[in-house]
Amino acid sequence: MNPGYTLRLWTDANNERFIAQHYPWFLRYFRQYDKMIKRADAVRPFYLYHFGGVYADLDFACIRPFDALLQRHASSQVLLGPAMLTKVARTEGPASGVTVLNSSHFYSISWNLRDWARVERGDRVNMTAMRAVFTKAAAIDPSIYAVTSWMHSWDWRWLPYELRTEKCARQAFKANCAMSSDHSASLLKTEAELTSSFDELARLLEQSDGGDAFKRTRAAWYEAGGLAEFVRAHAELAAYLPAIEREVAEVREEWEQVQPARKELARQKQRVAHLQGQMYARLELGFTLPANLGDVLAEQQATWQREESMTSQQLAQHVETLAARRAHMEQSHREQGWRKGAERFGEVMGLSSEALLTVRLAILEADATQLRLRAKATMRAMHELMSQHEQVHAELHELTGQLELLTGIRELPCSETQLLADEYEAAVEAEVLRGTLSTLRPRVAEAAHLRLAWHAKAGACKAGEALHAPNLPALHTALVDAKRLADAAEPIRRQELVLRAKLAKLHGRLQALGQLRTLAAAGTDSATLASEAERLASAARLQQLRLSMRATDLRLLHMRHERAEANLHAAGGAIVCLKKLRFSLHNAPAVTHEGGRA
C-alpha cells in the first residue's frame, strides 16, 4: 500500500532498550509507568524524533498511500492524528510546527456500525468481511487514508502475521510476569531457569578460580608496570628498557584477552540476579494470585522501589572506599614489581647472593601477607553468613521431610493410630541420629583440622620450591603425608553432612505429623486430613522455594568462604616457612621500594 516504505515493528523489549540506549535520562520515568500501554504511548514521540517517518498502531489498516497526505502538509514538521497529544499541540499553536489532522482521515468508520458486526463473529474474525469494510471505506471518501479496529477483541490467531507477531510478544511478556493465568507453573519454570543459570555461574566461577584468575592477571599487569619503573629509575639498566616495555605490553594484552570471560561472568551474575528478582516477585504472590492483585502489585512495587533506593545509597557510600582499596592494591602490586626488578637485575647491579635471597624472601612474604590479609577480611565479613548458611540448609531439609510426608498422606490418607506410629518411629530414628552425630563430632573436628593442615603444608611447600630451600624434600614429604591424612578423613565430613540432612528431614516430618495427629485426635475425617495435608504441602513448597533463593546466594558465599579459608592457611604455612629461612639470614640487608636505587 505504501511502496518504498520500510516497515519496523517495535515491541515492549525494543522500547526499553531504545530508551536506555538513546535517552537514558528518561529511563527512570519510563520504568515508573505501571502499565505497558503507558510505556508504549510514551515511547512513540521518541521514535519519531529519533527516526522520523510515520507511526501507526497495529490496529490500523492502510487504505491508500500516505504520500499525497504528507505532501499536502509539507510545511509542517509534525502531523498528528486527533487522538495523541492533540491538546498539547493545539495549546502550542501553529508556530510549533505541529498540525493536527482531521479525524476523517483515520477514524472514518465507527466500530459500532453494522459493518463491524459482520466482521466480528463471536471471538473470531471474518477476514473477508474485514477486507470488505476496508474497500467500502476507500470508496466512501478519497480523504480516507486508514481505518482502525480500535477497541475490538479479535482473536489474534486469525490476524495477519504482522499483527500476530506483536500479539505473541505481548503474550510472552504476560507469560514472564506475575499476571500469568498459570502462575504456579510460571513460578516453577522460573525456579528451573534459576537453577540452570546458577549452575552455569558456578561453572564459570570454577573456571576462573572464583574470579581470582582475573585479579591475578591484573596484578601481573601492575607488577609489570612496577618492574618498568624500577628499570627506568636505574640508568645502568637502560639497555633492558625496550624488552621490559614489550613485556608490559604482552601482560596488558593478556589482561585484555581475559576481558570477554570476565564480562561473561559479570553477565551471568546479572542474569542470576535478574531471575532471583523475578522469583522473589512471584513468591510474594504465592501459588494462587490474590483477588486484589492490583493493590498487591502496587504495594510491592513501592516496596521494591524503596529497597532499590536504599541499595543505591548503600553502594554510593562504598564508592570512595572501593576506589581507595583499588588504588592501594595497585600501589602494592607496583611495589611488588619493584622488588621483582631488584631480584631480576640484582646481579647486574652488583647485589650479593645473600642480598638477592633476601629480595626473594621479601617478594614471597609480600605475596603471602597480601593473600592472608584478603582471606582474613573475606572470612571476617562472612562469619555471620556462614551460620545462616547452615541454618537455611537445615530448614530446607526440614521442609523436604515435611513435603515427603504430606505428599504421601495426601495420596493415601491414614488414621490417628497410623500417624501416632509414624511419629514414634521418626522420633526414635531422630534420637539415634543425634547420638551418632554426637559421637562423630570429635572426628569431624579432627578431619577439618587435617584439611586445613594440608593447605598450610601446600603453602609452605610452594614457598620452599620458589626459593629452592634446602629442606624442600622434607616439605614435599610433609605435604604428601598431610594430603593422605586429609583424604582419609574426608569421608567422615561427608558422612556428617548426610546425617545432619537426614536428621533435619526427620524434624520436618515430626512437625507435620504433630499437626496432622492433633487434627485426627479432634475427630477429623480422612478426607479433611487429606485436604489439610494438601494445604500444608502447598505452604511448605512455597516456603521451600523462598528459602532456596536465600540458599542460592549463600552457596556462592560459602564457596568464597571455603576458598578464603584455604588461602588463609596456605598463606600462613608459607609465611612460617619464609620466616624460618629469614631467621637463618637475619644479618642480610633488606631491599625496599623507595622510588630510587635499591
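The values are calculated or read from the model by the stated rules, or taken from the named source; none is laboratory data. Just so we're clear, the structure is a prediction, and the values are computed from it rather than from any experiment. FYI the Cβ positions are ideal-geometry reconstructions off the backbone, even for glycines, and counts take in every protein chain you see. Each accessible area value is taken on the protein alone, full model and side chains, heavy atoms only, with ligands, DNA and RNA left out. Shrake-Rupley method; radii C 1.70, N 1.55, O 1.52, S 1.80 Å.
Figures for the structure shown
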quantity	calculated
Meets criteria (out of contact with any His (no Cβ under 6 Å at 6 or more places or on another chain), under 22 Å from Ala368 (Cβ atoms) and basic (Lys, Arg)) for Arg500	no
Among residues of the stretch 308-328, those that are farther than 29 Å from Tyr222 by Cβ and either open to solvent by less than 100 Å² (accessible area, probe 1.4 Å) or assigned by the TED database to the domain that holds Tyr33 (or both), counted	3
Complete set of residues in the stretch 224-259 that are of a type in the set (A, V, I, L, M, F, W, C) and without any contact (Cβ under 8 Å) to a residue 12 or more places away in the chain	Ala235, Ala238, Ala239, Ala243, Ala249
Filtered residue count, the stretch 329-352, keeping only those that are surrounded by 17 or more Cβ atoms within 10 Å (Cβ to Cβ) and either on the phi > 0 side of the Ramachandran plot or not in a helix (DSSP H, G or I) (or both)	3
Verdict on Arg39 being at pLDDT 80 or above, loosely packed, with under 14 Cβ neighbours inside 10 Å and not in a loop (DSSP other than H, G, I, E, B)	no
Elements of type helices (runs of 4 or more DSSP H) contained in the stretch 206-305, each with 3 or more residues being of a type in the set (S, T, N, Q) and not assigned by the TED database to the domain that holds Arg550	259-285
Every residue from the stretch 518-555 that is open to solvent by 40 Å² or more (accessible area, probe 1.4 Å) and within 15 Å of His393 (Cβ to Cβ)	Gln543, Arg546, Arg550, Asp553, Arg555
Among (1) within 24 Å of the chain's Cα centre (by Cα); (2) farther than 29 Å from Arg550 by Cα, the one test that Ala368 misses	(1)
The stretch 263-278 residues that are touching a residue at least 12 places away in the same chain (Cβ under 8 Å), paired with ones that are open to solvent by 50 Å² or more (accessible area, probe 1.4 Å) and not in a helix (DSSP H, G or I) (beta carbon under 8 Å, 6 or more apart)	Gln278/Asn176
Matching residues in the stretch 290-346 - criterion: being within 30 Å of Gln370 (Cα to Cα) and among the aromatic types (Phe, Trp, Tyr)	Trp338, Phe345
Every pair of residues 6+ apart whose Cβ atoms lie under 8 Å, when the first sits in the stretch 546-570 and is over 14 Å from Leu373 (Cα atoms) while the second is hydroxyl-bearing (Ser, Thr, Tyr) and assigned to a helix (DSSP H, G or I)	Met549/Tyr280; Arg560/Thr378
Residues located in the stretch 223-245, provided they are closer than 20 Å to Glu330 by Cα and open to solvent by 60 Å² or more (accessible area, probe 1.4 Å)	Glu229, Arg232, Glu245
Enumeration of residues in the stretch 407-432 that are closer than 14 Å to Leu536 by Cα and open to solvent by 80 Å² or more (accessible area, probe 1.4 Å)	Arg410, Glu411
Residue in the stretch 254-270 that is surrounded by fewer than 14 Cβ atoms within 10 Å (Cβ to Cβ), at pLDDT below 75 and over 17 Å from the mean Cα position of the chain (by Cα) present	no
Test: Glu465 is in a helix (DSSP H, G or I), closer than 20 Å to Ala570 by Cβ, free of Cβ contacts under 8 Å to residues at least 60 places away in the same chain and under 36 Å from the mean Cα position of the chain (by Cα)	no
Of residues in the stretch 190-237 being under 14 Å from the mean Cα position of the chain (by Cα) and of a type in the set (A, V, I, L, M, F, W, C), the one nearest to Ala281 (Cα to Cα)	Leu194
Residue in the stretch 389-406 that is without any contact (Cβ under 8 Å) to a residue 12 or more places away in the chain, assigned to a helix (DSSP H, G or I) and surrounded by fewer than 17 Cβ atoms within 10 Å (Cβ to Cβ) present	yes
Of residues in the stretch 372-388 being open to solvent by 50 Å² or more (accessible area, probe 1.4 Å) and of a type in the set (A, V, I, L, M, F, W, C), the one nearest to Arg339 (Cα to Cα)	Leu373
Any hit, the stretch 93-113, residues being open to solvent by less than 60 Å² (accessible area, probe 1.4 Å), assigned to a helix (DSSP H, G or I), farther than 23 Å from Ala146 by Cβ and modelled with pLDDT of 80 or more	no
Some residue of the stretch 433-444 being touching a helix residue (DSSP H, G or I) at 6+ places or on another chain (Cβ under 9 Å), over 30 Å from His561 (Cα atoms) and open to solvent by 30 Å² or more (accessible area, probe 1.4 Å)	no
